[in-house]
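First up is the structure itself, then whatever we jot down about it.
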Amino acid sequence: MTYPDTLLSLIRRTPAAAELLVWPFDFDISRTDHVEVVRLESGDALEAVAGDGAGGTFFLCGQADGERPVLYADSEGQAGLIGSDLIDVIQLIVRVPCWRDCLDHVSAGLAAMGSAISEGEREYRSDGIDLEACRASLAGLLTLDLPPAADVLARLLNTVTRPGFVLLNEWGDAYEPIAQ
């Protein structure tokens, strides 16, 4: 069993970590039903592991004994890889909770993606949420390193533009890319 696999098990066994992931980080392991039946065009395995408040779903791709990149599919028909494994994704959502907003700037590059962070974090602060305390608590509970935001955004940029991993609905229609 690899660390990404044990990370998911650890989250499931640690209610405090699972609660922090739900709020403020919008990664709910109790919500694994996607809005419709989907499959990968390649025929590779697809396992829903969490959902978010907007109806999106996080999927592990591939077999449990191999590489398992994470694909995110929103409820509006867009999908794309967001991490090479579950560790990348947890680091992304914890370090950059407004990662979806950053995707709006992929075509403009890493600096433009980073510009969305300050606005997103300002919203959390205005709601009285201490993101740094939540990050530190979650990192401790999961024994997880949290690289700088620029590093996790660089990984997101490299992953989201990776070809393949086309998500299809039950009629065979492909989801639109999550980032252009």
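Among the residues of the stretch 121-180, those identified as under 18 Å from C61 (Cβ atoms), of a type in the set (V, I, T) and part of a helix (DSSP H, G or I) are T159, V160. Is there a residue being without any contact (Cβ under 8 Å) to a residue 24 or more places away in the chain and of a type outside the set (G, A, S) anywhere in the stretch 75-95? Yes, there is a match, as at least one residue in the stretch 75-95 is without any contact (Cβ under 8 Å) to a residue 24 or more places away in the chain and of a type outside the set (G, A, S).
Please work out which residue is modelled with the lowest pLDDT, limiting yourself to the stretch 1-50 and to residues that are outside any loop (DSSP other than H, G, I, E, B) and polar (S, T, N, Q). Quick ask: steps written out before the conclusion?
Going through the stretch 1-50, the residues outside any loop (DSSP other than H, G, I, E, B) turn out to be 3-13, 15-22, 28, 38-40, 46-50.
Subset that is polar (S, T, N, Q): 6, 9.
Values: T6: 87, S9: 94.
Only one residue fits best here, namely T6.
Consider the stretch 55-74 and keep the residues that are part of a loop (DSSP other than H, G, I, E, B) and modelled with pLDDT of 95 or more. The one that is farthest from the chain's Cα centre (by Cα) is G55.
Determine whether E67 is within 26 Å of E170 (Cα to Cα) and either in contact with a Leu (Cβ under 8 Å, 6 or more places away or on another chain) or among the β-branched types (V, I, T) (or both). So E67 fails the test. Checking each residue of the stretch 77-93 against the condition of being modelled with pLDDT of 95 or more, more than 15 Å from the chain's Cα centre (by Cα) and of a type outside the set (D, E) gives at least one match. Would you point out which residue out of Q91, Q78 is surrounded by 16 or more Cβ atoms within 10 Å (Cβ to Cβ), of a type in the set (S, T, N, Q) and closer than 17 Å to F27 by Cα? After applying the criteria, what remains is Q91.
The values are calculated or read from the model by the stated rules, or taken from the named source; none is laboratory data. None of these values were measured; they are calculated from a predicted model. All Cβ positions, glycine included, derive from the backbone under ideal geometry; neighbour counts span all protein chains shown.
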